[in-house]
Amino acid sequence: MNSRSRNGAAYLAALSYAAILGFSFLFVKLTVTEASPLDVIAHRFALSFIALTIPVLLGWIKINIKMRDILRILPLALLSPLVYFPLQAFGLMSTSSSEGGIIQATVPIFTLLLASYFIKERTTVVQKISLLLSVFGVVFIFVMKSGAPLASNSYGGILLLVLSAICLSGYNVLARPLTQKYNPMELTYVTSILGCIVFNVVALGYHAIDGSMSAYTAPLVKPGYWMALAYLGILSTLVTSLLSSFALKWIEASKMSVIGNLSTLISMIAGAYILKEQLAYYHIIGAVMIIIGVLGTNFGGRKNFTPIKTTSAKSQKTG
């Protein structure tokens, strides 16, 4: 695959990642009406693990992972999903969805700072301004929609959301060098295994202590829950992990994170056409900011960018 085709595939993966996340809010709404957030997370990672394990056992997908590889990937899994999901879930319990959206929009800023410091990614002034414009577009939409940004009295919840944003930014940065050592399927498989084990142990432990074990299985008999869970567990967890790992192999973490802001735009469009939500002028203004910011961040930089150079994946694993 030549450089142009490779970069095109990476950007297509990043855009697909944003699109899947953009529609995920519809299915999150369907699941949380039937089960607790903790059970939803446990179920989605269990389904994700099963969906990936079946083709591995049948030999359709080759996974070459040893214990030392798991230890190398463990910090990535700790950042997301193991720490990111609980921080986000508990943060949203005491804050509004608008506050969550505003804080989530800061991920590209944290990613830019972390990537500049840890993996020495360099960005131009145009890229920095464009990134901030995209972030401001997301914040503008949520501020205008809610009318009272960060107005909750739960500073603890806001702190948890900020920490979740930093975790996701750290994931974007740490994944870049790891994608040079492992293929996307291997990274996704390890994080899926760890997510499945940890979240299900915690969920089952909670229900055992609380004496509410039936609540864990009750939603699983409902077809509507399975439909939403399939989207969240397979597309929004498994496929997005594969897409982000592939994209981060070839494009900078700061570019990947700002493309993620398009999910807000996609959510807005989905809400208008599927849930018949009203589109206001501020949606359009914010959307224009997001699009200009994404384009500026991705095409306003240096043309001599090359991926992180490491030795081959095979030599990394056997060395």
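Overview of values
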read-out	value
Residue, modelled with the highest pLDDT, within segment 85-113, restricted to residues that are small (Gly, Ala, Ser) and in contact with a helix residue (DSSP H, G or I) (Cβ under 6 Å, 6 or more places away or on another chain)	Ala105
Count of residues meeting criterion [within 20 Å of the chain's Cα centre (by Cα), open to solvent by 30 Å² or more (accessible area, probe 1.4 Å) and over 16 Å from Glu186 (Cβ atoms)] in segment 52-86	5
Verdict on Ala253 being in contact with an Asp or Glu (Cβ under 9 Å, 6 or more places away or on another chain) and at pLDDT below 95	yes
Helices (runs of 4 or more DSSP H) contained entirely in segment 145-227, each with at least 3 residues that are open to solvent by less than 50 Å² (accessible area, probe 1.4 Å)	155-178, 184-210
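The values are calculated or read from the model by the stated rules, or taken from the named source; none is laboratory data. All values derive from a computational prediction rather than experimental measurement. Counting neighbours? That spans all protein chains shown, and the Cβs are built from the backbone with ideal geometry, glycine included. Ligands, DNA and RNA are stripped out before the accessible areas are found, and what is left, the full protein with its side chains, is counted by its heavy atoms. Shrake-Rupley method; radii C 1.70, N 1.55, O 1.52, S 1.80 Å.
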